[in-house]
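Reviewing the structure listed below.
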Amino acid sequence: MPKILSKERLASNIVQIEVEAPLIAKSAKPGQFVVLRINEEGERIPLTLADKDTNTGKVTIIFQEAGASTKLLGSLKVGDEIKNLLGPLGTPAHINKVGHVVVVGGGVGIAEIYPAIKAYKEAGNQVTTIIGARSKELLLSESKLRGVSSEVKVCTDDGSCGQKGFVTEILKEMIEDHSKEINLVYAVGPVPMMEAVCHVTAPAKIKTIVSLNPIMLDATGMCGVCRVTVGGETKFGCVDGPEFDGHLVDFKELKARLSAYKDKEQESSNHVCKLLSKC
Ligand SMILES: Cc1cc2nc3c(=O)[nH]c(=O)nc-3n(C[C@H](O)[C@H](O)[C@H](O)COP(=O)(O)OP(=O)(O)OC[C@H]3O[C@@H](n4cnc5c(N)ncnc54)[C@H](O)[C@@H]3O)c2cc1C
Ligand code: FES
């Protein structure tokens, strides 16, 4: 069973783990994810491959303790084993040389953009990275992202680091400042943030790729739980995505489907909190 090799708490409810998974590390590509089950009774949760090391056979996962399963995962220690780790899953990001790519990361999405930035840069693009979080403590991986980006622009909701405000404001300023053309925008983060990014880029006709996070179950294209409407067609987030043309995504439907099980999720989360004696 895959073993947890390291664990670091990056913020009060955001945890990074490195897991022993040589076969996944060998074949994973930017944009792909894993599905894991913590124990025999555990549900399957999808998490992005935030990094990998083919030499040591480790994969990095960064997750927010959002509910029952992620809180349980966050309670595991170095040396503990995870019941199953399936991957790499999903269609890899389509990385081409397009010129100037702006990568936008919000919230825990900041931790997920490193492989894409690195790949866009290696393909010969200039990459401007915009990261935004509620406050300074939640600006994850900033120095790591500076190491692979051409430039990094930072903002926080409360102004505790970088520009005060949202990632979309920086993006809008960049679009309005016509000195540097933007050829592609790539956004990962909370659904409202990705939707807002698309609202900013659509009038300027800048192609925008978003990494969607619909609820997934089997993650192999068989159950249909992860369906999203893109350009009027039904797509499966787990196999057709998770990346899609943001201007074609039906965000209203995605948001409704994501909140369909709120009551049950709250119940499970409360139960786990009692078990762990926290929250
Ligand atoms: C392709 C993909 C990659 C993801 N990568 C990351 C990541 O790198 N880091 C990270 O913190 N989160 C990531 N997520 C979201 C993560 O899967 C959910 O936060 C997690 O499943 C929540 O489970 P829970 O039991 O802890 O919380 P719950 O209380 O059960 O759910 C909290 C919220 O998470 C969402 N969610 C619940 N179950 C699932 C599920 N089976 N599949 C997807 N979403 C679900 C719902 O919106 C729900 O309202 C990703 C989701 C997808 C689809
Ligand atoms: S999660 Fe079942 S089809 Fe995508």
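We did not get these values from a lab; they are worked out from the coordinates using the rules stated. Predicted model, so just to flag it, every value in this text is computed and none were measured. Because the Cβ atoms are built from the backbone with ideal geometry, glycine has one as well, and the counts that use them run over all protein chains shown.
Give the aspartates and glutamates reachable from Lys83 as a straight Cα distance under 17 Å; neighbours fewer than 8 places away on the same chain don't count.
By straight Cα distance, Lys83 reaches Glu18, Glu20, Glu40, Glu41, Glu43, Asp218.
Could you let me know the centre-to-centre spacing of region 128-193 and region 76-109, using Cα atoms, in angstrom?
After rounding, the separation between the Cα centres reads 18 Å.
Output wanted: per-residue J couplings in Hz (rounded whole) for region 146-154, from phi through Karplus 6.51 cos²θ - 1.76 cosθ + 1.60, θ = phi - 60°, x for Gly and Pro.
Values per residue, Gly and Pro as x: 4, x, 10, 8, 6, 7, 10, 10, 10 Hz.
Through the Karplus equation 6.51 cos²θ - 1.76 cosθ + 1.60, θ set to phi - 60°, convert the phi angles of region 241-247 into ³J(HN,Hα) values in whole Hz; use x for Gly and Pro.
So the Karplus estimates, Gly and Pro as x, are x, x, 8, 9, 5, x, 6 Hz.
On a 23 Å Cα-Cα criterion, which of the cross-link pairs Lys29/Lys58; Lys52/Lys136; Lys180/Lys207; Lys7/Lys144; Lys121/Lys180 come out too long?
Checking Cα-Cα distances, Lys52/Lys136 exceed 23 Å.
If the cut-off is 17 Å between C-alpha atoms, which lysines fall inside it for Lys262, apart from same-chain ones fewer than 8 positions away?
Within reach: Lys71, Lys252.
Roughly how compact is region 4-89, stated as its Cα Rg over 2.2 N^0.38 Å to two decimals?
That works out to 0.99 for region 4-89.
Rounded to whole Hz and in sequence order, give me ³J(HN,Hα) for region 222-234 from the Karplus expression 6.51 cos²θ - 1.76 cosθ + 1.60, θ = phi - 60°, writing x for Gly and Pro.
Karplus values, whole Hz, x for Gly and Pro: 9, 8, x, 4, 8, 5, 9, 9, 10, x, x, 10, 7.
Using alpha carbons only, what's the Rg to Rh ratio of region 100-211 with Rh from Kirkwood?
Reported Rg/Rh, Kirkwood definition of Rh: 0.92.
In 10 Å bins starting at zero, report the fraction of Cα pairs in the chain per bin as a rounded %.
The distribution over the chain is 7, 29, 37, 23, 4, 0, given as percents.
Take peptides 69-75, 29-35 and line them up by average Cβ neighbours within 10 Å, highest first, as a rough protection proxy.
Top of the packing list down: 29-35, 69-75.
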